[in-house]
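Remarks on the structure that follows.
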Amino acid sequence: PSTQVEIFHAGGNDFVHKPIIEEILVARVRALLLIKHQFDALKKQAETMRWIAATDSLTGVRSKRYLVDNGEKFIRAPENQGVWAIVIDIDHFKSVNDNLGHITGDHVLAELGEFLNSHFPDDMAVRFGGEEFCLLVKNCSRETILKRSEELRQQVENLKPAGLEISISLGVAGVEEHPGANLTQLIALADKSLYFSKEAGRNRVSVDGPNGPESLPASPPPVPDSHQG
């Protein structure tokens, strides 16, 4: 018995001793294989559950729960300098659902989510709920984030999800202006800028500044080069 106790204390969960009885050995091997199979199945199930909790099932972007659990770490990570929050709202989305149905509305949301994931692969794209999304974007200067935000606005205008012409309003805020801001405060500032965009007529980018939100003038679409074929 003392030898058996030593084996278990050493980390063993089973053992065989001589003389070896073949039937017992085979039965023990089968039992261990079954335990391993059950463990692997549970591990896979746990990974699936983590993915479900972290991902918005319709759009494929991160879930709000994931943002709450991981957003602060994203902002504070030493390698993530110059983090900005961009809050995005699809303009007049309610009319899409009311006039064309929720299935069409879901197609619009899904395509926009896929677009955000593909264009911000190293950042955090999140669905807040409804037609509102949030991006946490790292390693950007003020000039760069405003350029990317305006480009995003224009690209969505040309995206035509579900064959529809849609536009978005964006609100931007960053730790550059508020070095001590936490996740909640940063998103609140971006949300305030989003509201400013809506009040200014929608389909535009507004950014938090020293004197509060201000709207960017909408950039005209690029003019094709007449020398190119």
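Under the Karplus relation 6.51 cos²θ - 1.76 cosθ + 1.60, θ = phi - 60°, what is the ordered set of whole-Hz ³J(HN,Hα) values for the stretch 142-154, x standing for Gly and Pro?
4, 4, 5, 5, 5, 5, 5, 5, 5, 4, 4, 4, 5
So for 104, 144, fewest C-beta neighbours within 10 Å to most, what's the order?
144, 104
Alpha carbons only, please: Rg and Dmax for the stretch 58-215, in angstrom.
My reading of the Cα-based Rg and Dmax gives 14.8, 47 Å.
Under 27 Å from the Cα of residue 43, which lysines turn up, not counting those fewer than eight places away in the same chain?
Partners within reach: 64, 73.
Give, as ranges by residue number, the residues of the stretch 64-98 whose backbone N falls under 19 Å from the point 7 Å along Cα→Cβ of residue 147.
Counting backbone N atoms under 19 Å from the label point, the list is 81-86.
Give me the one-decimal nm value for the distance between modelled label points at residue 32 and residue 202, 7 Å along each residue's Cα-to-Cβ direction.
It is 6.6 nm.
Compute the relative contact order of the stretch 58-215 as a whole-number percentage, counting only Cα pairs closer than 8 Å that sit 6 or more residues apart in sequence.
28 percent.
Laboratory data are not the source of any read-out in this text; all were calculated from the coordinates shown. Everything numeric in this text was worked out from a predicted model, so none of it was measured. Cβ coordinates were reconstructed from backbone atoms using ideal geometry, including for glycine residues, and neighbour counts include every protein chain displayed.
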